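Below is one structure, written out as structure tokens; the observations come after it.
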Amino acid sequence: MGFPHEKVEIRNIPVGSENYYLCYPHLCYACGYIVKRNEAGEIIEIVNQSALKIKKEVDEYEQTLEDDPDYINLKFLNEFYPIAEPDSIELYVYDDEKITFRETAEYNLKKIQAEQAIAEITNSYKQIFVTKEEIEAWISRHHDFYWTLQYDWNTLAFKPFQSLYFWFQYIADDFKHIRKAQQAVNEYIPFDEAWLVKYDRLYFTALMGWESGYEVFHEAPFILKQEFGNIHLIGEEFRGLYEFSRLFAKEYYRGTEYEDHFNSL
């Protein structure tokens, strides 16, 4: 929750009790939860706590920020909003993160297989550079293994593999539109409403998002970089998918408040 480098205050209320809350001063957010421990002091459960129960503590926390250089006053129509608004938080724990979890031979074998599958296409910088053909081959190799994990959706060790497989499959589903996307790019004429109408369905039902989910990393060879990840797609096939989505969005949002954003892509 919050941003990776967000300043976070963790308070125990009262000190030594089972009650805790988090405060994110820059996000104007506070969260309350109860930590339950066993006799050995190990955390066995984390439960949401009503935000109303910690409102007093949140108000007190806000007062301590008056001299903080990072303190932000939020004003709207001359009305002051607290820097730490009471709320609650959901903390999710995977099965293999729980202290009751016991590794089995099957679990360890699957974990190794999942790690090896990712290692096949990951370089020394933990980045992934793949062509269309490599994506298709990787999916084919690991299709059966992926489906053996269908009941292991709550296992953290398998998540990187499952997420990558899902993402590759999502990309591969768009491969069938490569030819039509390139055709649309070749026919593109600025301010042509007929072009928008003709390719409206291709964008909104299939290729919407390529223009915002990726950025051009290199022109020759053409490489797209996933905006929030380490996946790099190599090949002219991806140029057509990206370029069509970019041009369509640019034309579709022309004259709207989003025009500058899509013109900058």
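Here are some notes:
- T122-Q162 pseudo-label distance in nm [points 7 Å out on the Cα-to-Cβ vector]: 1.7 nm
- Added length on full extension, which subtracts the Cα-Cα distance from 0.36 nm per residue, E257 to E187: 22.6 nm
- Each Lys and Arg Cβ is given +1 and each Asp and Glu Cβ -1; about its Cα centre, region 97-172 then shows a dipole of about 220 debye.
- Using R0 = 45 Å, the C-beta based FRET efficiency linking A137 and F204 works out to 0.90.
- Residues with amide H under 5 Å from that of F217, placed H, sequence gap 5 or more: I223, L224, K225
- Label-zone membership for region 99-132, site Q226, 7 angstrom Cα→C-beta point, backbone N under 17 Å: 114-132
- Among the listed pairs K180/K225; K180/K250; K159/K250; K126/K176, those beyond 27 Å (Cα-Cα): K159/K250; K126/K176
- Cβ-based exposure ranking for L156, L207, in which fewest neighbours within 10 Å come first: L156, L207
- In this structure the amide hydrogen of F129, modeled in the peptide plane, comes within under 5 Å of the amide hydrogens of N123, H232, none closer than 5 places in sequence on its chain.
Laboratory data are not the source of any read-out in this text; all were calculated from the coordinates shown. Keep in mind the model is a prediction, meaning the values are calculated, not measured. Ideal geometry is used to build each Cβ from the backbone, glycine not excepted, and the neighbour counts take in all protein chains shown.
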